[in-house]
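Supplied in structure tokens, the structure appears directly below.
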Amino acid sequence: MSLRSERVGQQMKKEISEIINQKIKNPNVGFVTVTEVEVTGDLSLATVYVTVLGEERERKKSLEALEKSKGFIKSEIAHRMDLRIVPELKFQYDESIDYGNKIERMLADLNKGH
């Protein structure tokens, strides 16, 4: 990523987090946290990595609700940020938190054994 796309990604992360937590009224959007936003070098696509508190069912419902709210989120970003073209949004579940928790549990189980 270029420096510009990195800065745009950081600003989008902040803005999308605020939009999700304060503006979206869809009850299917659960406790969503934006963990990272990766923007392509040409600023045409932004992959928004999110975590969702809850089980698999809540995750799917939240991701579907975010997909349906994509247009609203994009228009809000257009109002908040000074971009000529707002990148297309792609929401993706961030599995790194789950992976870290799994490793932590495995280490805790190993320590119990000793």
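Can you tell me the dipole magnitude for the chain around its Cα centre, using point charges on the Cβ only (Lys, Arg +1; Asp, Glu -1), in Debye to the nearest 20?
Value, rounded to 20: 320 debye.
Moving to a separate point now. Can you tell me what percent of all Cα-Cα pairs in the range 44-93 are more than 12 Å apart?
65
Can you list the lysines whose alpha carbon sits under 24 Å from that of K112, skipping same-chain ones fewer than 8 residues off?
Hits, sequence-local ones excluded: K102.
Continuing with the same structure: Say each of E104 and E18 gets a label point 7 Å from the Cα, pointing the same way as Cα to Cβ; how far apart are those two points in nm?
Rounded to a tenth, the inter-label distance reads 2.9 nm.
For the range 44-114, report the accessible area per residue in Å² (1.4 Å probe, heavy atoms, rounded to an integer).
Per-residue value: 71 Å².
Sticking with this structure for a sec: Suppose R0 equals 30 Å. What FRET efficiency, 1/(1 + (r/R0)^6) with r the Cβ-Cβ distance, do F31 and K112 give to the nearest 0.05?
The formula returns an efficiency of 0.50 here.
Can you list the equivalent-ellipsoid semi-axes of the range 3-112, largest first and in whole Å, using the square root of 5 times each Cα gyration tensor eigenvalue?
For the range 3-112, the ellipsoid semi-axes come out as 28, 18, 10 Å.
How much length is gained on full extension from R80 to D42, taking 0.36 nm per residue of separation minus their Cα-Cα distance?
11.7 nm
Please state the Cα pair-distance histogram of the range 1-51 with 5 angstrom bins from zero: what percent is in each bin?
Reading upward from the zero bin: 4, 23, 28, 21, 13, 8, 3, 0.
Out of the total accessible area of the chain (probe 1.4 Å, heavy atoms of protein only), what percent is carbon and sulfur?
Carbon-and-sulfur percentage of accessible area, whole number: 51.
Can you tell me the relative contact order of the range 3-112? Whole percent, Cα pairs under 8 Å, sequence separation 6 or more.
Reported relative contact order: 27 percent.
The values are calculated or read from the model by the stated rules, or taken from the named source; none is laboratory data. Keep in mind the model is a prediction, meaning the values are calculated, not measured. Note: ideal-geometry Cβ built from the backbone for every residue, glycine included; neighbour counts use all protein chains shown. Keep in mind that these areas ignore ligands, DNA and RNA; they rest on the heavy atoms of the full protein, side chains included. Shrake-Rupley method; radii C 1.70, N 1.55, O 1.52, S 1.80 Å.
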